1. Could you check the range 249-259 and list, in sequence order, the residues that are in contact with a Pro (Cβ under 8 Å, 6 or more places away or on another chain) and either surrounded by fewer than 24 Cβ atoms within 10 Å (Cβ to Cβ) or part of a strand (DSSP E or B) (or both)?
2. State which residue is farthest from Thr257 (Cα to Cα) when the search covers only the range 305-347 and only residues that are out of contact with any Leu (no Cβ under 7 Å at 6 or more places or on another chain) and β-branched (Val, Ile, Thr).
3. Checking the structure you have, find out if any residue of the range 248-264 is more than 25 Å from Asp410 (Cα to Cα) and either in contact (Cβ under 8 Å) with a residue 12 or more places away in the chain or not assigned by TED's automatic domain parsing to the domain that holds Pro67 (or both).
4. Mind telling me which of the residues Ala177, Ala140, Ala207 ends up being touching a strand residue (DSSP E or B) at 6+ places or on another chain (Cβ under 6 Å) and either at pLDDT below 95 or not assigned by TED's automatic domain parsing to the domain that holds Leu226 (or both)?
5. Thr234 versus (1) surrounded by 24 or more Cβ atoms within 10 Å (Cβ to Cβ); (2) without any contact (Cβ under 8 Å) to a residue 40 or more places away in the chain: which is the lone unmet condition?
6. Under 6 Å by Cβ, and 6 or more places apart or on different chains, what pairs join a residue from the range 65-89 that is of a type in the set (S, T, N, Q) with one that is at pLDDT below 95?
7. For the range 153-220, please list each of the strands (runs of 3 or more DSSP E) lying entirely inside it that holds at least 3 residues being within 31 Å of the chain's Cα centre (by Cα) and more than 30 Å from Leu287 (Cα to Cα).
8. Give the residue that is nearest to Gly428 (Cα to Cα), with candidates limited to residues of the range 473-498 that are of a type outside the set (Ser, Thr, Tyr), touching a Pro at 6+ places or on another chain (Cβ under 9 Å) and buried (at least 17 other Cβ atoms within 10 Å of the Cβ).
Amino acid sequence: MTIMTGWQAVVQALKCEGIKFVYGLPSSPEDLYDALYDEPSIKAIQVRHEAAGGFMAMAHSLITGEPAVCFASKGPGVANLTPAMLEALATCAPVIAICPGGDGHNDGKGAFQETDQLGLMSPITKWAVRVPYAEKIPWAIQRAFSLATNGQPGPVYIEIPTEVGRGKADIPEYVPAVRYLKTAGDPTQIGKAAQLLLNAARPVIVAGGGVRRSGAHDELKALAELLGMPVMTTPSGRGSIEEVHPLSFGQVGLYRTKLGMEVFADADLVITVGSRNEEFQTGAWKLFPERAKFIQIDIEPFEISRNWIPDVPIVGDAKMVLASILEILKEQSKQEWKERFQEYAKAKADYVKEVELECQCDDVPIKSKRVVYEINQVFGRNTIMVHENGSQDLWSYYSPYYQVLDRNGDLAPGEQTCMGVGVMGAVGAKLAQPDKKVVCVTGDGAFQMYNQDVPTAVQYNAPVTWVILNSFSLGWPKFGQKALGGRYIATDFEVQPDFVKMAHAYKCYGERVEKPEEIRGALERALKANESGKPAILDIIIDPDDLAEGFLAYKKL
């Protein structure tokens, strides 16, 4: 045991856990940042807005699979952090927010920035705790890392009261948490699942974020290839299989393309792995194939039967459960499986050619689908695509318009789809994996939510490219207003920044694109700027009325 302040104990714990960055803004001079000053192994990433720090930490944790830490000052600082923690909960991101709280001696008196921070954070985290004694800090942080990373991952909030953080105490030695404990599924249920797969004529597997969290990429691909079974994903699961694979059939629900719609609707067996089966992923739970059997695999018992009721529920880690199913089926080699593989591979190849021709459209205004297609061609492999979730940036979800070429080469918001999460998440992704190219496709509305933190990317040498699909409006609400007979209100931006001048003011590369033939050159110049260490902002003027087939089909449900 060693005499130190509470905040020094926090920093010691973070060092033991291998944390390299703390995303946030400093508050009082004697809080966490003063203790960080003496620890060179942890870099403080100074953001402009607390939510941006939370989004960066969320992206960092999702893209690496490891926990990340953010910080906000008490009161309004913690309140500003809430959308990021809400999104971290939605994406099952192990984000740990460590924030100061008011002095307990003044509790209830109306002290400066006194706020019920636990009341704010409890509904949007796996665990929220106020640490009453400095000696208990190691226990609280170890527990936070354990809870954030085990079972269904998610965010945790730790509050350090002023007197606890600044006071000195004899602090116990820190013992790092054991992360990502694996749980195998019930062998009886696994046997039932294998039997359903043996009997199925048209099975489809849906990979959610749990596949990526557990590292089940190989098992997913092996099972699909053995059975000749199409793989579809949720947004969080995208990147669990390379989308150039002949059995990669895009995403589900709102994010379906024509090929995925046909295959999923015709399935006689659906397997979801590590997915909550939420509203956008399921078409408001209306898209389950008629008379199909259902296998649900999830590490969290709460998610089993939450929506669709499975014929075979399996509680367990995705990698372990898929490996167990493979072990049963690996000696089987049916000719019909091989034929099925070839049939689906041909359908996929034909559809890719169809989309390639579609994306050569030279119309003005520019079609967003051509933009995302060109991004694929210019940035290629070793790229992380970071998404927003507006009516036009949805095109970046639709494969093969944009294809994720690498494992884990995609970062999407959860079902909350907080505007701006991708804009700032791109910076966290680049800091976490500096050797990757990072592109964020965003609408003009989402970009304006958090563009104030673009200088953070410049300051910390995180050269990403933001591609703004500019419709001069809030596209999704405006689409709904159009359906109501053109009752447009508060959706058009009559005054909008000059994004190129903004880029230059932020010391980024900037360019406006209005013609299709200009797209590729602009992207190449943006990539060249990134390679020289400079972020880039491309303002691309697009056709707001060209909407994806999956989006329109979803709206008709």
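The values are calculated or read from the model by the stated rules, or taken from the named source; none is laboratory data. Quick caveat: nothing in here was measured; it's all calculated off a predicted structure. Reconstructed Cβ throughout: ideal geometry from the backbone, glycine too, with neighbour counts over all protein chains shown.
1. Answer for the range 249-259, where residues must be in contact with a Pro (Cβ under 8 Å, 6 or more places away or on another chain) and either surrounded by fewer than 24 Cβ atoms within 10 Å (Cβ to Cβ) or part of a strand (DSSP E or B) (or both): Phe249, Gly250, Gln251, Thr257.
2. Here the residue is Ile328.
3. no
4. Of Ala177, Ala140, Ala207, the one residue that is touching a strand residue (DSSP E or B) at 6+ places or on another chain (Cβ under 6 Å) and either at pLDDT below 95 or not assigned by TED's automatic domain parsing to the domain that holds Leu226 (or both) is Ala140.
5. (2)
6. Taking only residues 6 or more apart or on different chains, the pairs are Ser73/Ser27.
7. 156-161
8. Checked the range 473-498; the qualifying residue nearest to Gly428 (Cα to Cα) is Gly475.
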